[in-house]
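Heads up, the thing below is written out as structure tokens.
Read the figures in this text as sums done on the coordinates, not as results from a lab. Everything numeric in this text was worked out from a predicted model, so none of it was measured. No Cβ is skipped: glycine too gets one built from the backbone with ideal geometry, and neighbour counts run over all protein chains shown.
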Amino acid sequence: MSIIITGLLLGGAYALIAVGLTLQYGVARIMNLANGENLVLACFCTFWLFSTLAINPILGILIVAPAAFALNWAIYSYALRPLVKRARTRGALEVDSILATFGLLFVFQGVMILTFGGGYYSYNFLRVPFAIFGENYALNRVVAFGAAVAVAIALYVFLYRTRYGTAIRAVAVSPESAQLVAINVPRTSAFAFALGGGLTAAAGALLSTFYTFDASMGVIFTMKALIIVIMGGVGDVRGAVLAALLIGLTETAVSSLIDPGLTVAANYALFMLVLLVRPQGIFGRSNA
């Protein structure tokens with residue numbers, strides 16, 4: 001039972017990271033390799049808000065996430081939209097966006113190293129035991145999971161119960177068809193990319209409460225997010241959440257029962273298994 005609960009607590013944080021990349025890749029068609037750096041930057045900002053201004057990290061999400069939304073909107077508008085306009089096919093856009101965001105990755109890293117240095121950071125927030133079914137777990141992980149669930153529910157309601165959320169899902173399915181029903185595809189794509197960045201920053205704020213981080217570890221989170229997005233089905237938020245929970249459970253089980261050093265191998269083994277059974281992902285749509 002403890003493995004299941006610990007895995008779910010970890011998977012909840014992973015879900016927010018993956019949902020952010022799902023919106024950026026599935027809707028805006030941008031394979032953002034700087035997604036992990038966006039998360040780490042949010043970790044540093046949350047750390048600074050807590051250590052300097054004594055702002056609760058959970059409340060800090062209300063500052064960090066909107067700031068990340070604005071930053072990602074600017075990145076899409078000024079750096080990525082020219083690539084979208086000149087790309088003749090989706091494949092060409094993916095190649096261009098990979099190259100562009102790969103360079104952006106090093107820009108983010110350089111700024112963070114220049115500002116915060118290359119050391120490891122962590123801080124003490126709610127590091128007290130919390131009992132669940134007779135077992136003790138770190139309260140900061142429980143609170144982070146609860147906040148992640150709240151954000152995920154709000155996102156689900158927005159995407160599936162509002163008109164603008166329906167427009168976003170329509171662009172994810174077919175940008176060409178979305179234009180035929182008067183959806184502003186460029187603006188919707190920019191909004192989805194910015195929203196994905198804001199969600200990733202929210203995940204970074206939550207992870208910082210129990211994770212030790214440094215300026216160069218963003219690529220680890222980017223790779224995990226890519227695995228989760230492809231496993232769940234590109235563009236499907238439900239699939240990303242389910243895949244994230246599976247990854248969290250797999251990492252916890254392998255780390256507890258076998259060897260912590262095998263968690264990455266186990267993730268890729270699960271990834272390959274899902275692709276063998278469902279190449280389109282758990283909730284992905286098969287090509288006609």
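Structural remarks
- Along the chain, counting only trypsin sites (Lys or Arg not before Pro) with a DSSP assignment other than H, G, I, E or B and at most 13 other Cβ atoms inside a 10 Å radius, the longest segment between sites is 128-284.
- Full extension of the chain between residue 63 and residue 164 gives 34.0 nm of extra length, using 0.36 nm per residue less the Cα-Cα distance.
- Alpha carbon centroid spacing (whole Å) that separates the range 195-244 from the range 30-56: 13 Å
- Between residue 157 and residue 275, the FRET efficiency from the beta-carbon distance, with R0 = 35 Å, is close to 0.70.
- Length added when fully stretched, residue 70-residue 102, from 0.36 nm per residue minus Cα-Cα: 9.5 nm
- Nearest-ten-degree value, helix 237-257 long axis tilted from longest Cα axis of the chain: 30 degrees
- Using the rule -39500 (n - 2.57) for each DSSP H run of four or more residues, divided by the residues of the chain, the 222 nm mean residue ellipticity is -24500 deg cm²/dmol.
- Between 0 and 90°, nearest 10: helix 2-26 axis offset from the chain longest Cα axis: 20 degrees
- Between helix 185-207 and the chain: long-axis angle, C-alpha atoms, 0 to 90°, nearest 10: 10 degrees
- Förster radius 41 Å - calculated FRET efficiency between residue 173 and residue 150, Cβ distance, rounded to 0.05: 0.90
- Here the gap between residue 253 and residue 113, fully extended at 0.36 nm per residue and compared with their Cα-Cα distance, gives a gain of 47.0 nm.
- Matching the structure-derived percent of Cα pairs over 31 Å apart against the labelled list (i) 43; (ii) 49; (iii) 25 gives the label (iii).
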